[in-house]
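What follows is one structure encoded as structure tokens, with my remarks underneath.
Here, each number is a calculation from the coordinates, and none is a lab measurement. A quick note: this is a predicted structure, and the numbers were derived from the prediction, not measured. With ideal geometry, Cβ positions are generated from the backbone for all residues, glycine too; neighbour counts draw on all protein chains shown.
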Ligand code: DGL
């Protein structure tokens, strides 16, 4: 079988990576997609590094069994914990990771702090520290660990009073002097972008890495000559460790959530 027709595998600790996969579907609708969310073990961001590494390797093995031609680690936390080890082990398949999209936030050139919302693990790990060191003199970067936010999204809560109160408590201390932009450094957070805007006002730019990561995926497949040549819309298959049809339905809905 022509490898071009093989699916692209996506992985996240839960439903968050769908915010990346929907961007990939938008730019490569003719590809086939397989998504694995590990909602049973979410959240990852407050676990130990070893636990997240192990869960990530298990998920990659699952996707490889499905004959994927590329893998997107659509989780900032798993990327920071395991991407180098994964690339060292699986050398013949492109493995694309995701990191907080700080550069696009800096290039907006707006006055004020750039708030980087992410899980505690993402902000603690070396990958993020290196990114900060590289870019810190180009903008006022403020890391904001958001333990507890993934849980809202996993439960299907994308708005409402409770979530707004959580976000206000996190973000209000930074309203003064000024927030230039917010970087969503966790793939779950784009699903609550509207609620974040409600709390901060529409003039604060909110940036995520889903589109940039999808462009990188497309580039990698093109370089390998493995872009799907089909003219038909591709197939989408979703798996979740929390084997509940409600979760799977929620996932399909999220792909179409704007
Ligand atoms: N979507 C994951 C990320 O991008 C969430 C990690 C978690 O489960 O805490 O970091």
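Using the alpha carbons of segment 130-258, what is the convex hull volume per residue in cubic angstrom, as a whole number? Present the calculation step by step, with values, prior to reporting the outcome.
Details: hull volume 22.2 nm³, N = 129.
Dividing the Cα hull volume of segment 130-258 by its residues yields 172 Å³.
Between 0 and 90 degrees, the angle of helix 161-171 with respect to the longest Cα principal axis of the chain falls at about 70 degrees.
May I ask for the percentage of alpha-carbon pairs in segment 5-95 that lie more than 22 Å from each other? Walk me through the intermediate numbers first.
Working: 855 of 4095 pairs.
Cα-Cα pairs of segment 5-95 separated by over 22 Å account for 21 percent.
Maximal additional length on extending the residue 5-residue 249 stretch stands at 85.3 nm, based on 0.36 nm per residue less the C-alpha distance. Annotation for segment 152-181 versus segment 1-71: alpha-carbon center distance of 27 Å. Against the longest alpha carbon principal axis of the chain, how many degrees, from 0 to 90 and to the nearest 10, is the axis of helix 18-27 turned? Tilt of helix 18-27: around 60 degrees.
When the Kirkwood radius is taken over all Cα pairs of segment 47-162, what Stokes-Einstein diffusion coefficient follows at 37 °C and 0.692 mPa s, in µm²/s?
On the way: Rh = 15.9 Å.
It diffuses with D of about 206 µm²/s by this estimate.
What list of whole percents do you get for P(r) of segment 209-258, with Cα-Cα distances grouped in 5 Å bins up to the one holding the largest distance? Calculated over all Cα pairs of segment 209-258, the distribution is 4, 15, 15, 19, 21, 15, 9, 1 percent. With both residues required to sit in the chain, DSSP beta bridges show an antiparallel share near 0%. Each listed q (0.14 Å⁻¹) maps to a log10 I(q)/I(0) for segment 100-142, found by the Debye formula over equal Cα scatterers with no solvent: -0.29. Here is the P(r) of segment 114-196: all C-alpha pair distances, binned every 10 Å from 0, give 17, 50, 28, 5 in whole percents.
Full extension from residue 157 to residue 26: what is 0.36 nm times the residue separation minus their Cα-Cα distance, to one decimal in nm?
Working: separation 131, 0.36 × 131 = 47.16 nm, distance 2.44 nm.
Working it through step by step, the gained length comes to 44.7 nm.
Pairwise alpha-carbon distances in segment 159-233 exceed 15 Å for 65% of all pairs. Place a point 7 Å from the Cα of residue 49 along the Cα-to-Cβ direction; which residues of segment 119-151 have their backbone N under 18 Å from it? It comes to 119-133, nothing else. Using the rule -39500 (n - 2.57) for each DSSP H run of four or more residues, divided by the residues of the chain, the 222 nm mean residue ellipticity is -13000 deg cm²/dmol.
Taking the Cβ-Cβ separation of residue 219 and residue 111 as r and a Förster radius of 41 Å, what is the calculated FRET efficiency to the nearest 0.05?
0.80
The alpha carbon radius of gyration of the chain, expressed as a multiple of 2.2 N^0.38 Å, is 0.98. Extending 7 Å from Cα along the Cβ direction at residue 124 and again at residue 168 yields two label points whose distance is 3.0 nm. Net length available on complete extension from residue 230 to residue 134 is 30.5 nm, with 0.36 nm assigned per residue and the Cα-Cα distance removed. Inter-part distance, segment 94-113 to segment 209-232, computed on C-alpha centroids, equals 20 Å.
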